[in-house]
1. For THR33, THR48, give the ranking by accessible area with the largest first, probe 1.4 Å.
2. Place a +1 charge on the Cβ of each Lys and Arg in the chain and a -1 charge on the Cβ of each Asp and Glu, then give the dipole magnitude about the Cα centre in debye, rounded to the nearest 20.
3. With a 1.4 Å probe and all protein chains in place, put SER30, SER49 in order of accessible area, largest first.
4. With Rg and the Kirkwood Rh both taken from Cα atoms, where does Rg over Rh land for the chain?
5. Return the tail of the calculated pair distribution for region 29-69, meaning the percent of Cα-Cα pairs more than 16 Å apart.
6. Could you work out what % of the accessible surface of the chain is carbon and sulfur, using a 1.4 angstrom probe and leaving DNA, RNA and ligands out of the count?
7. Accessible area per residue, 1.4 Å probe, Å², for region 6-69: what's the number?
8. Report the local net charge at LEU59: Lys and Arg +1, Asp and Glu -1, summed over other residues whose C-beta lies under 14 Å from its C-beta.
Amino acid sequence: MADQFATVMRRFRLRAGLTQDALAQRSGVSVSTIRGMETGKRRNPQLTSVRQLAAALGLDDGEQDELLR
């Protein structure tokens, strides 16, 4: 499941044309947290962080649900 989250997270970030650093600045989530999420090392991210990232990525409701699953 963590691998799926990492894949979805990376796909949305790349689609937005953002680096991990740029997403960190836009979302207020640290770059190390984003890196951990995308590599699967951070297996249980905080819901608040995921919601901040979804907002910063401009995800619609369906995309946000995909990320939260």
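The values are calculated or read from the model by the stated rules, or taken from the named source; none is laboratory data. Bear in mind that the values here come from a model prediction, so they are computed numbers and not experimental data. Here Cβ is always computed from backbone atoms with ideal geometry, including for glycine, and neighbour counts include all displayed protein chains. Protein only, heavy atoms only, side chains kept; ligands, DNA and RNA dropped before computing areas. Shrake-Rupley method; radii C 1.70, N 1.55, O 1.52, S 1.80 Å.
1. Of THR33, THR48, the descending order of accessible area is THR48, THR33.
2. On the way: 11 positive and 8 negative charges, 62 e Å.
For this selection, approximately 300 debye.
3. SER30, SER49
4. Ratio value, two decimals: 0.90.
5. The calculated P(r) of region 29-69 puts 30 percent of pairs beyond 16 Å.
6. Values: 1930 of 4290 Å².
Carbon-and-sulfur percentage of accessible area, whole number: 45.
7. Ligands and nucleic acids excluded, the figure is 60 Å² per residue.
8. It works out to a net charge of +2.
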